[in-house]
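Colleague: The structure is given below, and queries will be raised subsequently.
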Amino acid sequence: MPPRPSAPHFGLVDGLRVLFAALWIGVQVALILTAGRRADGAFGFRMFSESSTVKISLYREIAGEDGTRARVHVDDGTWTARDAAGMKRRFAWTDRIRKRDLAIFDTEISAGYGAATQLGRLQAALDDVASHTPDDVETRRFLLDVAVRHNGREAYVVHLASPERGGR
């Protein structure tokens, strides 16, 4: 009888490759199963994309001399405010926010990846502008009113606000 070939030998490297492959597949399955929990639905399959729209209005909340607050509409994402030295300066939303779909105001536009995703991105943009315009000492906080029309239904308004800013 001829000698039997020996069984394949699995070494440490081979075992690590199998372990890595199993972990990789496990992570991919977990991402797919949890896609519905993420606003952007990343790693999930959508047969039909969402056809929601948003209309974004930007406001500044300023304090008057008597301490009362007032909402001031910001046209086209550009405003003028005093700096710490009392000089009037021009500020623009687009100085910080470069994505076009986050910088179109007072016009109904597509929500792109969906209304929830767009709202999350708008809140992040709002927080970024608020924290990176220290020379504007007049604005107490920035506000966005977002009219959302989810898949052609009746519009509803979501109010987003930046954190309170310091000032005089």
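Derivation of every value follows stated rules applied to the coordinates shown; laboratory data play no part. If you're wondering where the values come from, they're calculated on a predicted model, not measured in any experiment.
Colleague: Which residue fluctuates most in the GNM of the chain (Cα springs below 10 Å): LEU12, LEU23, LEU143?
Modeller: LEU12
Colleague: Next question. Starting from the coordinates of the alpha-carbon atoms of the chain, obtain the Kirkwood hydrodynamic radius over all distinct pairs and give the value in Å to one decimal.
Modeller: Result for the chain stands at 19.7 Å.
Colleague: May I pose another question? Given the options GLY26, GLY36, GLY11, state which has the largest fluctuation in a GNM of the chain using a 10 Å cut-off (strictly under) for Cα springs.
Modeller: Evaluated over the chain, the most mobile residue of the options is GLY11.
Colleague: Angle check, please: helix 12-33 long axis (alpha carbons) against the longest principal axis of the chain (alpha carbons), in degrees 0 to 90, nearest 10.
Modeller: 40 degrees
Colleague: Only Cα pairs within less than 10 Å get springs; with that Gaussian network setup on the chain, which residue of ALA35, ALA111, ALA147 has the largest fluctuation?
Modeller: ALA35
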